[in-house]
Number of protein chains: 2
Amino acid sequence: MYPNFKFEVTYNDPDSSARTGLLHTPHGVVETPNFIFCATKASIKGVMPQDMLEANTQIILSNTYHLMLQPGSEVVKKLGGLHKMMGWNGPMFTDSGGYQIFSLGHGSVASEIKGKRNGNRPKTLLKITEEGARFKSYVDGSYHMLTPEKSIQIQRDLGADLIVVLDECTPFHVDKAYTAKSMRMSHRWALRSLEEFKRTDDHSQALYGIIQGGVYTDLRKESSDFVNNHDFFAHAIGGSLGASKDQMHEIVGTAMSMLSKDRPVHLLGIGGISDIFNGAEYGIDTFDCVHPTRLARHGGALVPAELKDRQGDESTTEHLNIRNQKYKMDDRPIDDTCECKVCLNFSRGYIHHLFRAQEMLGMQLLTIHNVFFMNRLLKAVRKAIKSGTLRVERKKWTRL
Amino acid sequence: MYPNFKFEVTYNDPDSSARTGLLHTPHGVVETPNFIFCATKASIKGVMPQDMLEANTQIILSNTYHLMLQPGSEVVKKLGGLHKMMGWNGPMFTDSGGYQIFSLGHGSVASEIKGKRNGNRPKTLLKITEEGARFKSYVDGSYHMLTPEKSIQIQRDLGADLIVVLDECTPFHVDKAYTAKSMRMSHRWALRSLEEFKRTDDHSQALYGIIQGGVYTDLRKESSDFVNNHDFFAHAIGGSLGASKDQMHEIVGTAMSMLSKDRPVHLLGIGGISDIFNGAEYGIDTFDCVHPTRLARHGGALVPAELKDRQGDESTTEHLNIRNQKYKMDDRPIDDTCECKVCLNFSRGYIHHLFRAQEMLGMQLLTIHNVFFMNRLLKAVRKAIKSGTLRVERKKWTRL
């Protein structure tokens, strides 16, 4: 069913579920585990595609929700699809639009959760029916209906290599009855997505199914069985991953043990350094998160724990806050072991100045550094998996 | 006096004052006429030095006023000086700080002019004495005193190749008595600047004198004689250039006829396409202006008049306003005759989307295009001067 796509597992760690692989797409190969950077509105904020490539990026994603509202998927199609429009010729992923409808739709995740628990979700903002999800545009307030079929059609217009079924994204502590009901509707939506996908298939895209079930093991099992038994190219772990990091690990571990081993698995929205080591150990193949690029725009430069150890920096975060006054006169690069074009050319003091002076170049430089950092990190993860040293490697990168 | 600097005139147009030349600096050669881009706070907003180079940029400038306040010239010095700090290894220029004190110091040029005419310039904002100019920091409200000696010392810390004497920048319609008085003080400041320059000279920098005199021919003559007779490497035309474009041409023409022909001449703050053709015809060697880069950040893409003619665009501006709805579906590049990396890779529709979606990449892309455009324009100007076709060439570039 997916003649132009292939997932090869190249190594399985005998002592854990960690693995390395190659994800083949019509726009190139992604070495896994890997990290997918967010070009939400068809742009990595502040970075040109050429610079993403030079920073060793293999794959990026865009968000269906944002693009269907602005400029509209028909405009993206007219401009040649995402790859051509953005000038990015590598592999691309789009999500279904569901996540943003269920989170941004309410202004914040917090209010979403509250709304859900109280059962008084404002009807002007969102209505979920068997047909699909009705929501209001964050751009102009217009009303829209996103159905499983519509999501696939939009993702066809956008033209990413890897696309995703529409699901309802449940908040983290809805009760089991709601979770089960929602999961089963998401399964029905997944079947409709798959049907629409098959109806319009031209072998240029591959479809991800999503495993739901929240924090409930039996529901996760039901959902894993569901996706395993249908013609998805790959799987994504969605739905609530619990209220704590520990619970997240448990849920991801449980889900991974049940999912078919011959399909790649994407973990949605996770991007801390420690989270990536945990995920890799469970066998996650791809991650995505706005964290590295958003952190950069707020002055955070990702650095390995080793660097902090060596420079006597006792902070527990996984980054330097370059806005800190202590960097004002610092003529060292962010990371003297990093070979990104930022670390090779600019000092902490200069980047500190750019942030203080509100020069956009500061955000650009830290974004390029963080992108390079993530790609370097994932390369180290892949290497460590193959040499059975993932837990040793982890200590070099994070104190968390 | 300037062993590491040289200005060679390579061609004089027999029919006008236009000329081409080579301005040699310790960081490389500038072909003249040329355009100097503004990296006000030690950053071309949104563009990395490497991309400036790839867009054929030969020279950039930074502003002493901004940098003395933030991060402070001692910080720039500690970080290796402007070239090293910014990662720009080509020729650089800094101004004296005077212009911004006398314009920004009052919030706007309009209020400055008003204040001057009424003689009630708010004393908390600025006091000009024989010693220098006292002003308040726009960053933190602290008080500062800029003297001719201080301006040179700061420019030494910053380390640009080409530096400028401090002058009082008079608004465009102060009376002749004030203009004469101010000009003579500026001359005394210039002598103090020159003395401080000589005291601290290590042959790494060259000093520009400024010709003042406002709109008054006899004062311009007095000022031209002054700068011609002192050891400046080059000259800059400062002070009021009048209230209209016609008056500006007259003043620039008059000044140029009086200035020594063996020194390069910089025209401060001028950057429209038609202005550059006019200036080149009078023999101006370098221009600077925030216009091309600021215009880009507001969605303006510089294009040749020829392109507008060919595409039936009847607007009289020298640019396209890419935010205009008509570009939403336009899959053409900004300018199909332009070989910048933006025109080779991105469509008007995509850049339109980036501006509408408030993606900073839009500003970055248009800035790179406009920089490339200006460098292409100045190259065409140099070529046209050498072939005696400047007026024909002009019609290809501007309708103004």
Taking first residues from region A:257-283 that are farther than 20 Å from A:Ala301 by Cα and second residues anywhere that are part of a loop (DSSP other than H, G, I, E, B) and among the aliphatic types (A, V, I, L, M), the pairs with Cβ under 7 Å that are 6 or more apart or on different chains are A:Val265/A:Leu259; A:Val265/A:Ile284; A:Leu267/A:Ile284; A:Gly279/A:Ile270; A:Ala280/A:Ala18; A:Glu281/A:Ala18; A:Gly283/A:Ala18
Subset of region B:199-252 that is at pLDDT below 90 and of a type in the set (Ser, Thr, Tyr) - its residue that is surrounded by the most Cβ atoms within 10 Å (Cβ to Cβ)
B:Ser240
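Return a yes/no flag: does region B:60-82 have any residue that is more than 14 Å from chain A (Cβ to nearest Cβ), in contact (Cβ under 8 Å) with a residue 12 or more places away in the chain and within 24 Å of B:Leu366 (Cβ to Cβ).
Among the residues of region B:60-82, at least one is more than 14 Å from chain A (Cβ to nearest Cβ), in contact (Cβ under 8 Å) with a residue 12 or more places away in the chain and within 24 Å of B:Leu366 (Cβ to Cβ), which makes the answer yes.
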Scanning for something closer than 15 Å to A:Pro49 by Cα, assigned to a helix (DSSP H, G or I), small (Gly, Ala, Ser) and in contact (Cβ under 8 Å) with a residue 12 or more places away in the chain, does region B:347-364 turn up at least one residue?
yes
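Does B:Gly279 qualify as being crowded, with 24+ Cβ neighbours inside 10 Å and over 22 Å from B:Ala55 (Cβ atoms)?
no
Being more than 14 Å from every other protein chain (Cβ to nearest Cβ) and among the aromatic types (Phe, Trp, Tyr) is the filter here; which residues of region B:19-51 pass it?
Answer for region B:19-51, where residues must be more than 14 Å from every other protein chain (Cβ to nearest Cβ) and among the aromatic types (Phe, Trp, Tyr): just B:Phe35.
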Just to check your reading of the model, which residue among B:Gly97, B:Gly72 is more than 14 Å from the chain's Cα centre (by Cα) and outside the structural domain of B:Phe373 (by TED's automatic domain parsing)?
B:Gly72
Does A:Thr57 satisfy the condition of being over 16 Å from A:His266 (Cβ atoms), more than 9 Å from chain B (Cβ to nearest Cβ) and β-branched (Val, Ile, Thr)?
yes
Determine whether region A:263-275 contains at least one residue that is over 14 Å from the mean Cα position of the chain (by Cα) and among the β-branched types (Val, Ile, Thr).
no
When you check B:Arg332 against the structure, is it within 12 Å of chain A (Cβ to nearest Cβ) and farther than 30 Å from A:Arg297 by Cβ, yes or no?
yes
Of residues in region B:381-390 being in a helix (DSSP H, G or I) and farther than 15 Å from B:Asp275 by Cβ, the one farthest from the chain's Cα centre (by Cα):
B:Lys386
In region B:1-72, which strands (runs of 3 or more DSSP E) lie fully inside it and hold 1 or more residues that are within 30 Å of A:Val47 (Cβ to Cβ)?
B:28-32, B:34-38, B:60-62
Considering only region B:154-190, state which residues are under 21 Å from the mean Cα position of the chain (by Cα), among the charged types (D, E, K, R) and either surrounded by fewer than 24 Cβ atoms within 10 Å (Cβ to Cβ) or at positive phi (or both).
B:Arg156, B:Asp157, B:Glu168
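Here is a yes/no grid of residues against (1) part of a loop (DSSP other than H, G, I, E, B); (2) surrounded by fewer than 14 Cβ atoms within 10 Å (Cβ to Cβ); (3) in contact with a Leu (Cβ under 6 Å, 6 or more places away or on another chain); (4) free of Cβ contacts under 8 Å to residues at least 60 places away in the same chain:
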| residue | (1), (2), (3), (4) |
| --- | --- |
| B:Thr293 | no, no, no, no |
| B:Ala296 | no, no, yes, no |
| B:Ala301 | no, no, yes, no |
| B:Asp309 | no, yes, no, yes |
| B:Glu314 | yes, yes, no, yes |
| B:Thr317 | yes, no, no, yes |
| B:Lys326 | no, yes, no, yes |
| B:Met329 | yes, no, no, yes |
Test each condition in (1) within 24 Å of A:Thr286 (Cβ to Cβ); (2) in contact with a strand residue (DSSP E or B) (Cβ under 8 Å, 6 or more places away or on another chain) for A:His144 and report the one that comes out false.
(1)
Please go through region B:353-380 and give me each residue that is crowded, with 23+ Cβ neighbours inside 10 Å, touching a Pro at 6+ places or on another chain (Cβ under 8 Å) and either at the interface with chain A (Cβ under 9 Å from one of its Cβ atoms) or modelled with pLDDT under 95 (or both), ordered by number.
B:His353
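Quickly run through region B:274-291 and pick out the residues that are part of a loop (DSSP other than H, G, I, E, B) and either hydrophobic (A, V, I, L, M, F, W, C) or at pLDDT below 95 (or both).
B:Ile284, B:Cys289, B:Val290
Starting from residues that are in contact with a Gly (Cβ under 9 Å, 6 or more places away or on another chain) and more than 14 Å from every other protein chain (Cβ to nearest Cβ), keep the ones in region A:296-323 and report whichever is nearest to A:Ala234 (Cα to Cα). Please lay out each step first, then the result.
Looking only at region A:296-323, we keep the residues that are in contact with a Gly (Cβ under 9 Å, 6 or more places away or on another chain), and these are A:296-297, A:299, A:317-323.
Now narrow it down to the ones that are more than 14 Å from every other protein chain (Cβ to nearest Cβ): A:299, A:317-321.
Values: A:Gly299: 35, A:Thr317: 33, A:Glu318: 30, A:His319: 32, A:Leu320: 36, A:Asn321: 37 Å.
It comes out as A:Glu318.
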When you scan region B:253-273, how many residues do you find that are of a type in the set (Ser, Thr, Tyr) and modelled with pLDDT of 95 or more?
2
So is A:Thr40 among the β-branched types (Val, Ile, Thr), in the same structural domain as A:Ile152 (by TED's automatic domain parsing) and over 18 Å from A:Gln205 (Cβ atoms) or not?
no
Just one of (1) outside any helix (DSSP H, G or I); (2) without any contact (Cβ under 8 Å) to a residue 60 or more places away in the chain; (3) touching a Leu at 6+ places or on another chain (Cβ under 9 Å) trips up A:Ala236, so point out which.
(2)
Taking the conditions exactly as written (in the same structural domain as A:Glu196 (by TED's automatic domain parsing) and either surrounded by 16 or more Cβ atoms within 10 Å (Cβ to Cβ) or out of contact with any helix residue (DSSP H, G or I) (no Cβ under 9 Å at 6 or more places or on another chain) (or both)), does A:Met52 satisfy them or not?
no
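The values are calculated or read from the model by the stated rules, or taken from the named source; none is laboratory data. This structure is a prediction, so every number in the text was calculated from the model and none was measured. All Cβ positions, glycine included, derive from the backbone under ideal geometry; neighbour counts span all protein chains shown.
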